[in-house]
Amino acid sequence: MSAATTEQRRFATLLAPATVIVVAGLVLPLLLMARYSLNRFEPGQFMVEALTFGNYVKIISDPYYRRIAVTTVTMAFTATAICLVVGFPVASAIARAPARWKTALLLLVILPLFVGNAVRAAGWMVALGQKGLLNWILLRLGIVSEPAAFMYTWGAVCAGIVSVNLPYVVLTLQSVLEGTEKSAVDAAQSLGATPFTTWRLVTLPLAMPGVVAAGLLSFILAMNAYATPVLLGGPTFQMMAPSVADQVLQQSNWPLGAALAFTLTAITLILTATVSFTLARTHAGA
Amino acid sequence: MSGETILGRRPVEILARAALRAATALVLAYIAMPLALVVWLSFMAGEIMVVPPEGYSLRWYGVAWNQDQLRSGFVTSLWVAAVATTLGLLVTVPASFALARGRFPGREAVLQLLMSPLIVPGIVIGASIYVFLVQVEIETGLPLAGSAWGIVVAHLLLTVPWCVRLVTANLVGVNRSVEEAALSLGASPLVTALTVTLPMIWPGLVAAAVFGFVVSFGNIEVSLFLVAPGQTTLPIAILQYLQWKIDPTIAAVSVAQIVLIGAALVATSRITNLGKVV
């Protein structure tokens, strides 16, 4: 009994520093933010103590904020659909690649992921700018007679978000496809199924939990995208994460910024819980 | 099934396979393209971005180094990432021991708590810490908002989940009998941990250090709220520059970031399975 409590005290001591940092550095600030989201913002006198859901109501009812929310969700859906469709073949290619190729391919996918979104957005500016690569190619081919405006459009942001999310989608799908039984695929093909039928009836159903997990991860990332919409969408293109920053830093409207932040967090947490649930069920089933 | 259908299917199958392979190559190119274009831009001779370039030059690397804002951003990011990662390892290695070895009530809850900086959106973490620091500053008079401490603590927070994940994964694989031998020969638990266990989980520690560093060094969403004039990190300096214009100078700085992070990842891929980490 006393040995067990000494043991537990030792574990508690070992856990204390990290726990204190996360509680003080994240939990307490989040609680304060949650409280502030219920305050009122009075122009001219900053924040007024209150207990109201007005800020949340505003996000849903005010056409301006509703448009931001709709743009964000539409963008997240579109980018995720594209990522899943084009990411699947890459993921299965990497999953089936011989070991010496696999590390190189994984590095190729992981490096852009960690380099940061501002640098990748810079690359997209070279591709899509007035005097960029795409315009040069189109002009040379005679498809357009003068440079087209690709920057600061919905399409530019979507292209950027797809390139940001693809590595995550490919990695998630890859790790699930790697674990699926090759024998099931072989069995289907030896019974005369065409490759496409095999893919539709065997590979895809087996990979479905991975598809769901990758899709939700991509959706979360797109919902929270900051640098890509700011740099490729320009000052007038509004998505939720940039508007949190704008409300808190530029407008000094903390209550509304906090409410926007919590709307984002709520969506993210619900989806994350769904992802872990789906993945847990796969592992339980395997 | 007749031989005819098998033969009849072949050309279609070959074509489909080729198309699939081409699609894979295209998607990989799409992922790599933004970085390749940044590298290309950094070598262009002209002062503004024009495709095709007028010529090639290395001078923008020198120009970039002489821009105070960018150089000090690079230096700030380096030391913030180094301090945050060191502190991150110091607090998470003991915690990982407890999480990997202990079976105690609330273990799952603590694990979830330590992983939470990876789940809560970065922009929300940044905004909350900023608001919290300003509030504490108002209450206590301590100059916290816009101080280097704010950034270091926030980045320390970001390294915690990565370090916990990588170190616990390595601890689970440790052969306990070696530790038991050391203990039975009279070594204290602390000495055993430092001289027997730590060397065995070395790859996990290196991977944790690299990922902590990389995650801190590249962060935008959290840092955005905590930088102050003269206290700007490199990604924020790049972001602010790009909001204004794009030119070979900023591309050269970006290449420095790509090379630094690339080297760190290549080094890690030699000691740990990257596919399992992310």
Name the residue, out of A:255, A:98, A:242, whose mean-square fluctuation peaks in a Gaussian network model built on chain A with Cα pairs under 10 Å.
-> A:98
When a/c is below 1.5 the answer is rounded, else prolate if a/b is larger than b/c, else oblate, so apply that to the stretch A:26-163 with a ≥ b ≥ c taken from the square roots of the Cα gyration tensor eigenvalues.
-> oblate
Distant-in-sequence amide H partners of residue A:41 (H built 1.01 Å from N, under 5 Å) = A:48
What part of the accessible area of the stretch A:53-285, given as a whole %, is carbon or sulfur when the probe is 1.4 angstrom?
-> 69 percent
Computed Rg/Rh for the stretch B:119-209 (Cα atoms; Rh = Kirkwood radius) stands at 1.22
How do A:168, B:56 rank by accessible surface area computed with a 1.4 Å probe, from largest to smallest?
-> B:56, A:168
Between the residues A:48, A:188, A:19, the Cα farthest towards the positive end of the dipole of the protein assembly as shown, that dipole coming from +1 and -1 charges on the beta-carbon of Lys, Arg, Asp and Glu, is from A:188
Which value, in debye to the nearest 20, describes the size of the charge dipole of the protein assembly as shown about its Cα centre when Lys and Arg Cβ atoms bear +1, Asp and Glu Cβ atoms bear -1, and nothing else is charged?
-> 1060 debye
J(HN,Hα) series, the stretch B:55-60, from Karplus relation 6.51 cos²θ - 1.76 cosθ + 1.60, nearest Hz, glycine and proline x = x, 10, 7, 9, 5, 5
If you plug each phi of the stretch B:188-197 into the Karplus form 6.51 cos²θ - 1.76 cosθ + 1.60 with θ = phi - 60°, what whole-Hz ³J(HN,Hα) values come out, in order, with x for Gly and Pro?
-> 6, x, 5, 4, 4, 4, 6, 9, 10, 6
Just the accessible area for residue B:191, please: 1.4 Å probe, Å², rounded to the nearest 10?
-> 70 Å²
On average, how much accessible surface per residue is there in the stretch A:162-257, in Å², for a 1.4 Å probe, leaving out ligands, DNA and RNA?
-> 36 Å²
Counting only protein heavy atoms and using a 1.4 Å probe, what share of the accessible area of the stretch B:191-236 belongs to carbon plus sulfur, as a whole percent?
-> 76 percent
Ranked from the most accessible area to the least, with a 1.4 Å probe and all protein chains present, what is the order of B:184, B:269, A:183?
-> B:184, A:183, B:269
For the stretch A:192-205, 3J(HN,Hα) per residue [Karplus equation, 6.51 cos²θ - 1.76 cosθ + 1.60, θ = phi - 60°, Hz, x = Gly/Pro] | x, 6, 6, x, 5, 4, 4, 5, 6, 9, 10, 5, 4, x
Any idea of the accessible area per residue across the stretch A:78-148, 1.4 Å probe, to the nearest Å²?
-> 43 Å²
Honestly chain A on the Cα gyration tensor test (a ≥ b ≥ c root eigenvalues; a/c under 1.5 rounded, otherwise a/b vs b/c for prolate or oblate) is just oblate
Projected onto the charge dipole of the stretch B:56-143 (+1 at Lys/Arg Cβ, -1 at Asp/Glu Cβ, origin at the Cα centre), which of B:91, B:143, B:63 gives the Cα projection farthest towards the positive end?
-> B:91
Where A meets B: accessible area buried, both sides, 1.4 Å probe, Å² | 7200 Å²
Within a Gaussian network of chain B (alpha carbon springs, distance under 10 Å), most fluctuating of B:266, B:253, B:27 | B:27
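The values are calculated or read from the model by the stated rules, or taken from the named source; none is laboratory data. Just so you know, these numbers come straight off a predicted model, no measurement behind them. Heads up, the Cβs are rebuilt from the backbone with ideal geometry, glycines too, and the neighbour counts pull from every protein chain shown. For the accessible areas, the whole protein counts, side chains as well, though only heavy atoms, and no ligand, DNA or RNA atoms are used. Shrake-Rupley method; radii C 1.70, N 1.55, O 1.52, S 1.80 Å.
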